[in-house]
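The values are calculated or read from the model by the stated rules, or taken from the named source; none is laboratory data. On a predicted model such as this, the values are computed, not experimentally measured, just so you know. Please note: Cβ atoms are built from the backbone with ideal geometry, for glycine as well, and neighbour counts cover all protein chains shown.
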Amino acid sequence: MLEDKVVIVTGAHRGLGQAYAIEAARLGAKVVAGDILDCGDTVRQIEADGGTAIGVELDVTKMGTVSAMAESAIDAFGDINVLVNNAALYGGLTGGRFDQLDEDEWDRCMNVNVKGIWNCCKAVVPHMRNSGGGSIVNVASLAATYGLPFVLHYTTSKAAVIGLTRGLARELGRGEIRINAIAPTAVVTEGTAEFFGDKMDGAMDVIKNDQSLKRNPHPEDMIGTVMWLASDASAFVTGQTIAIDGGTVMS
(Lines give C-alpha, C1' and ligand atoms only; values in the text may rest on other atoms or scores of the structure.)
Protein backbone atom coordinates (compact mmCIF):
# COMPACT_ATOMS: atom_id res chain seq x y z
CA MET A 1 0.00 0.00 0.00
CA LEU A 2 2.90 2.38 0.76
CA GLU A 3 5.66 0.70 -1.22
CA ASP A 4 8.60 3.04 -1.91
CA LYS A 5 6.89 6.04 -0.32
CA VAL A 6 8.77 8.21 2.18
CA VAL A 7 6.62 8.78 5.24
CA ILE A 8 7.34 11.26 8.04
CA VAL A 9 5.60 10.61 11.35
CA THR A 10 5.88 13.21 14.11
CA GLY A 11 5.47 12.28 17.76
CA ALA A 12 6.80 8.81 16.94
CA HIS A 13 8.61 8.09 20.22
CA ARG A 14 5.72 6.03 21.63
CA GLY A 15 1.99 5.38 21.49
CA LEU A 16 0.02 6.16 18.36
CA GLY A 17 2.89 7.84 16.55
CA GLN A 18 5.08 4.80 17.05
CA ALA A 19 2.27 2.55 15.85
CA TYR A 20 1.78 4.63 12.67
CA ALA A 21 5.51 4.57 11.93
CA ILE A 22 5.82 0.82 12.41
CA GLU A 23 2.77 0.07 10.26
CA ALA A 24 3.90 2.42 7.48
CA ALA A 25 7.22 0.58 7.34
CA ARG A 26 5.44 -2.78 7.34
CA LEU A 27 3.47 -1.59 4.30
CA GLY A 28 6.68 -0.81 2.44
CA ALA A 29 7.42 2.83 3.30
CA LYS A 30 10.74 4.34 4.22
CA VAL A 31 10.00 6.05 7.54
CA VAL A 32 11.30 9.18 9.21
CA ALA A 33 10.35 9.03 12.89
CA GLY A 34 10.52 12.43 14.60
CA ASP A 35 9.98 13.41 18.21
CA ILE A 36 11.33 15.68 20.92
CA LEU A 37 12.19 12.39 22.67
CA ASP A 38 14.46 9.70 21.23
CA CYS A 39 12.90 7.51 18.51
CA GLY A 40 15.56 4.84 18.74
CA ASP A 41 13.12 2.18 19.95
CA THR A 42 10.75 2.91 17.06
CA VAL A 43 13.57 2.61 14.53
CA ARG A 44 14.84 -0.61 16.14
CA GLN A 45 11.40 -2.20 15.95
CA ILE A 46 11.06 -1.25 12.29
CA GLU A 47 14.50 -2.56 11.40
CA ALA A 48 13.95 -5.78 13.35
CA ASP A 49 10.92 -6.39 11.13
CA GLY A 50 12.98 -5.81 7.99
CA GLY A 51 11.89 -2.22 7.41
CA THR A 52 13.79 1.00 6.78
CA ALA A 53 13.70 4.02 9.07
CA ILE A 54 15.67 6.86 10.57
CA GLY A 55 14.98 8.76 13.77
CA VAL A 56 15.33 12.53 14.02
CA GLU A 57 15.20 14.95 16.91
CA LEU A 58 12.20 17.20 16.43
CA ASP A 59 10.58 20.07 18.28
CA VAL A 60 7.61 21.02 16.12
CA THR A 61 7.45 24.50 17.68
CA LYS A 62 10.93 25.35 16.33
CA MET A 63 11.12 25.81 12.57
CA GLY A 64 14.84 25.08 12.56
CA THR A 65 14.42 21.50 13.77
CA VAL A 66 11.37 21.01 11.52
CA SER A 67 13.34 22.10 8.45
CA ALA A 68 16.21 19.85 9.53
CA MET A 69 13.78 16.91 9.73
CA ALA A 70 12.65 17.51 6.15
CA GLU A 71 16.23 17.80 4.95
CA SER A 72 17.13 14.58 6.76
CA ALA A 73 14.32 12.83 4.91
CA ILE A 74 15.58 14.13 1.56
CA ASP A 75 19.19 13.28 2.37
CA ALA A 76 18.32 9.74 3.46
CA PHE A 77 15.60 8.81 1.00
CA GLY A 78 15.47 11.48 -1.72
CA ASP A 79 11.80 12.38 -1.38
CA ILE A 80 8.86 13.10 0.96
CA ASN A 81 5.48 11.64 0.01
CA VAL A 82 3.53 11.53 3.26
CA LEU A 83 3.45 13.56 6.47
CA VAL A 84 1.55 12.33 9.51
CA ASN A 85 1.21 15.24 11.94
CA ASN A 86 0.76 13.27 15.15
CA ALA A 87 2.87 15.28 17.64
CA ALA A 88 0.72 17.05 20.22
CA LEU A 89 0.60 18.27 23.80
CA TYR A 90 -1.91 15.97 25.50
CA GLY A 91 -0.83 13.72 28.35
CA GLY A 92 0.68 16.42 30.52
CA LEU A 93 -2.17 18.92 30.30
CA THR A 94 -4.03 20.12 33.39
CA GLY A 95 -7.80 20.44 33.09
CA GLY A 96 -10.23 22.74 34.83
CA ARG A 97 -12.85 25.41 34.25
CA PHE A 98 -12.06 27.53 31.20
CA ASP A 99 -11.38 30.64 33.28
CA GLN A 100 -9.00 28.78 35.58
CA LEU A 101 -6.74 27.24 32.95
CA ASP A 102 -3.11 28.28 33.16
CA GLU A 103 -2.28 30.91 30.52
CA ASP A 104 1.20 29.53 29.86
CA GLU A 105 -0.22 26.04 29.37
CA TRP A 106 -2.83 27.45 26.96
CA ASP A 107 -0.04 29.04 24.92
CA ARG A 108 2.05 25.87 24.93
CA CYS A 109 -0.94 23.82 23.79
CA MET A 110 -1.61 26.15 20.85
CA ASN A 111 2.09 26.33 20.03
CA VAL A 112 2.55 22.56 19.79
CA ASN A 113 -0.85 21.43 18.54
CA VAL A 114 -1.52 24.13 15.95
CA LYS A 115 1.68 25.99 15.13
CA GLY A 116 3.54 22.67 15.12
CA ILE A 117 1.38 21.37 12.28
CA TRP A 118 1.73 24.66 10.40
CA ASN A 119 5.52 24.45 10.75
CA CYS A 120 5.67 20.86 9.53
CA CYS A 121 3.49 21.62 6.53
CA LYS A 122 5.69 24.61 5.63
CA ALA A 123 8.78 22.42 5.69
CA VAL A 124 7.35 19.48 3.75
CA VAL A 125 5.00 20.98 1.13
CA PRO A 126 7.75 22.40 -1.13
CA HIS A 127 9.26 18.91 -1.44
CA MET A 128 5.84 17.40 -2.17
CA ARG A 129 5.27 20.02 -4.88
CA ASN A 130 8.59 19.07 -6.46
CA SER A 131 7.49 15.44 -6.46
CA GLY A 132 4.10 16.14 -8.04
CA GLY A 133 1.98 15.63 -4.96
CA GLY A 134 1.64 13.97 -1.59
CA SER A 135 -0.60 13.28 1.36
CA ILE A 136 -0.74 14.97 4.76
CA VAL A 137 -2.68 13.41 7.64
CA ASN A 138 -3.39 15.63 10.65
CA VAL A 139 -4.49 14.29 14.00
CA ALA A 140 -7.44 16.22 15.43
CA SER A 141 -9.65 14.76 18.17
CA LEU A 142 -13.12 13.86 19.34
CA ALA A 143 -12.53 16.71 21.79
CA ALA A 144 -13.16 19.14 18.91
CA THR A 145 -16.05 17.36 17.19
CA TYR A 146 -17.86 16.60 20.47
CA GLY A 147 -16.95 19.82 22.30
CA LEU A 148 -15.06 18.42 25.29
CA PRO A 149 -15.39 20.70 28.34
CA PHE A 150 -12.84 21.43 31.08
CA VAL A 151 -9.85 21.09 28.75
CA LEU A 152 -10.74 24.03 26.54
CA HIS A 153 -7.16 24.64 25.45
CA TYR A 154 -6.92 21.11 24.06
CA THR A 155 -10.42 21.18 22.56
CA THR A 156 -9.77 24.53 20.89
CA SER A 157 -6.39 23.46 19.52
CA LYS A 158 -7.88 20.38 17.90
CA ALA A 159 -10.74 22.40 16.42
CA ALA A 160 -8.07 24.63 14.88
CA VAL A 161 -6.46 21.54 13.34
CA ILE A 162 -9.72 20.82 11.52
CA GLY A 163 -9.92 24.39 10.21
CA LEU A 164 -6.28 24.31 9.14
CA THR A 165 -6.91 21.04 7.31
CA ARG A 166 -9.87 22.41 5.37
CA GLY A 167 -8.18 25.67 4.42
CA LEU A 168 -4.94 24.01 3.35
CA ALA A 169 -6.83 21.44 1.29
CA ARG A 170 -8.14 24.29 -0.86
CA GLU A 171 -4.69 25.89 -1.11
CA LEU A 172 -2.77 22.74 -1.98
CA GLY A 173 -5.12 20.86 -4.28
CA ARG A 174 -3.71 22.25 -7.50
CA GLY A 175 -0.39 20.71 -6.60
CA GLU A 176 -2.02 17.30 -6.07
CA ILE A 177 -1.26 17.55 -2.36
CA ARG A 178 -4.07 16.11 -0.26
CA ILE A 179 -4.59 16.95 3.40
CA ASN A 180 -7.06 15.24 5.70
CA ALA A 181 -7.59 14.80 9.42
CA ILE A 182 -8.72 12.10 11.78
CA ALA A 183 -10.74 12.80 14.93
CA PRO A 184 -10.17 9.85 17.26
CA THR A 185 -11.75 9.26 20.63
CA ALA A 186 -9.52 8.55 23.63
CA VAL A 187 -7.29 5.60 22.75
CA VAL A 188 -5.75 3.28 25.33
CA THR A 189 -2.18 4.64 25.32
CA GLU A 190 0.36 5.99 27.80
CA GLY A 191 -0.65 9.54 26.88
CA THR A 192 -4.30 8.90 27.68
CA ALA A 193 -3.32 7.35 31.01
CA GLU A 194 -1.31 10.48 31.82
CA PHE A 195 -4.16 12.73 30.72
CA PHE A 196 -6.80 11.12 32.96
CA GLY A 197 -4.50 10.00 35.78
CA ASP A 198 -6.28 8.10 38.55
CA LYS A 199 -9.62 8.84 36.85
CA MET A 200 -8.66 6.79 33.79
CA ASP A 201 -10.95 3.79 34.33
CA GLY A 202 -14.02 5.89 35.10
CA ALA A 203 -13.39 8.29 32.23
CA MET A 204 -12.91 5.50 29.72
CA ASP A 205 -16.13 3.86 30.90
CA VAL A 206 -18.06 7.11 30.40
CA ILE A 207 -16.59 7.53 26.91
CA LYS A 208 -17.32 3.90 25.98
CA ASN A 209 -20.92 4.11 27.15
CA ASP A 210 -21.54 7.10 24.82
CA GLN A 211 -20.37 5.12 21.79
CA SER A 212 -22.31 2.82 19.50
CA LEU A 213 -19.42 0.35 19.70
CA LYS A 214 -19.09 -0.45 23.38
CA ARG A 215 -15.35 -0.84 23.77
CA ASN A 216 -12.34 1.40 24.21
CA PRO A 217 -10.04 1.52 21.17
CA HIS A 218 -6.36 0.62 21.01
CA PRO A 219 -3.77 1.94 18.54
CA GLU A 220 -4.54 -0.80 16.02
CA ASP A 221 -8.04 0.66 15.68
CA MET A 222 -6.56 3.91 14.35
CA ILE A 223 -3.97 2.49 11.99
CA GLY A 224 -6.14 1.45 9.06
CA THR A 225 -7.71 4.87 8.52
CA VAL A 226 -4.37 6.67 8.74
CA MET A 227 -2.70 4.29 6.31
CA TRP A 228 -5.62 4.61 3.88
CA LEU A 229 -5.40 8.41 3.95
CA ALA A 230 -1.63 8.21 3.49
CA SER A 231 -1.90 5.90 0.49
CA ASP A 232 -3.04 6.32 -3.08
CA ALA A 233 -6.19 4.35 -2.20
CA SER A 234 -7.64 7.69 -1.04
CA ALA A 235 -6.32 9.66 -4.02
CA PHE A 236 -9.54 11.69 -4.48
CA VAL A 237 -10.10 12.49 -0.80
CA THR A 238 -9.01 15.82 0.65
CA GLY A 239 -10.18 18.35 3.22
CA GLN A 240 -12.02 15.70 5.24
CA THR A 241 -12.09 14.95 8.96
CA ILE A 242 -12.80 11.30 9.61
CA ALA A 243 -14.16 10.40 13.06
CA ILE A 244 -12.67 7.27 14.57
CA ASP A 245 -14.80 7.35 17.67
CA GLY A 246 -16.90 4.20 17.75
CA GLY A 247 -19.99 6.10 16.69
CA THR A 248 -19.98 8.96 19.16
CA VAL A 249 -20.36 11.89 16.77
CA MET A 250 -22.18 11.10 13.53
CA SER A 251 -22.28 13.61 10.68
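When the residues of segment 146-164 are filtered to those that are hydroxyl-bearing (Ser, Thr, Tyr) and surrounded by fewer than 23 Cβ atoms within 10 Å (Cβ to Cβ), which remaining residue is nearest to TRP228 (Cα to Cα)?
TYR146
Pairs, please: C-beta under 9 Å, at least 6 apart or cross-chain, first residue of a type in the set (Lys, Arg) and in segment 81-101, second not in a loop (DSSP other than H, G, I, E, B)?
Listed by first residue and then by second, the contacts come to ARG97/LEU152.
Out of all the residues in segment 117-145, which are under 19 Å from VAL249 (Cβ atoms), among the polar types (S, T, N, Q), touching a helix residue (DSSP H, G or I) at 6+ places or on another chain (Cβ under 7 Å) and not in a loop (DSSP other than H, G, I, E, B)?
Hit for segment 117-145 is ASN138, nothing else.
Which residues, counting only those in segment 229-248, are within 19 Å of ARG166 (Cα to Cα) and surrounded by fewer than 16 Cβ atoms within 10 Å (Cβ to Cβ)?
ALA235, PHE236, VAL237
Read through the list (1) crowded, with 17+ Cβ neighbours inside 10 Å; (2) more than 19 Å from ALA19 (Cα to Cα); (3) touching a residue at least 12 places away in the same chain (Cβ under 8 Å), then give the number of the only condition that ALA76 fails.
Against the list (1) crowded, with 17+ Cβ neighbours inside 10 Å; (2) more than 19 Å from ALA19 (Cα to Cα); (3) touching a residue at least 12 places away in the same chain (Cβ under 8 Å), ALA76 comes up short only on (1).
Residues of segment 81-118 being crowded, with 24+ Cβ neighbours inside 10 Å and not hydroxyl-bearing (Ser, Thr, Tyr), which ones?
Of all residues in segment 81-118, those crowded, with 24+ Cβ neighbours inside 10 Å come to 81-88, 90, 109, 113, 116-117.
Within segment 81-118, ASN81, VAL82, LEU83, VAL84, ASN85, ASN86, ALA87, ALA88, CYS109, ASN113, GLY116, ILE117 qualify.
Only one of VAL9, VAL114 is among the β-branched types (Val, Ile, Thr), part of a helix (DSSP H, G or I), at pLDDT 95 or above and out of contact with any His (no Cβ under 8 Å at 6 or more places or on another chain); which? Give the steps one after another, and end with the answer.
Numbers: VAL9 fails: part of a helix (DSSP H, G or I).
Testing whether each residue is among the β-branched types (Val, Ile, Thr), part of a helix (DSSP H, G or I), at pLDDT 95 or above and out of contact with any His (no Cβ under 8 Å at 6 or more places or on another chain) leaves just VAL114.
Taking the options ASP245, ASP232, name whichever one is in contact with a Ser or Thr (Cβ under 7 Å, 6 or more places away or on another chain), closer than 26 Å to TRP118 by Cα and among the acidic types (Asp, Glu). Break it down stepwise before answering.
Details: ASP232 fails: in contact with a Ser or Thr (Cβ under 7 Å, 6 or more places away or on another chain).
Testing whether each residue is in contact with a Ser or Thr (Cβ under 7 Å, 6 or more places away or on another chain), closer than 26 Å to TRP118 by Cα and among the acidic types (Asp, Glu) leaves just ASP245.
Which of the following residues is in a loop (DSSP other than H, G, I, E, B), touching a residue at least 40 places away in the same chain (Cβ under 8 Å) and not charged (D, E, K, R): ALA186, ALA193? Give the steps one after another, and end with the answer.
Numbers: ALA193 fails: in a loop (DSSP other than H, G, I, E, B).
After ruling out the rest, the residue left standing is ALA186.
Looking at segment 82-103, which of its residues are outside any loop (DSSP other than H, G, I, E, B) and either under 15 Å from the mean Cα position of the chain (by Cα) or closer than 20 Å to MET63 by Cα (or both)?
So the first thing to find is which residues in segment 82-103 are outside any loop (DSSP other than H, G, I, E, B), and the list is 82-85, 98-100, 103.
Passing the criteria: VAL82, LEU83, VAL84, ASN85.
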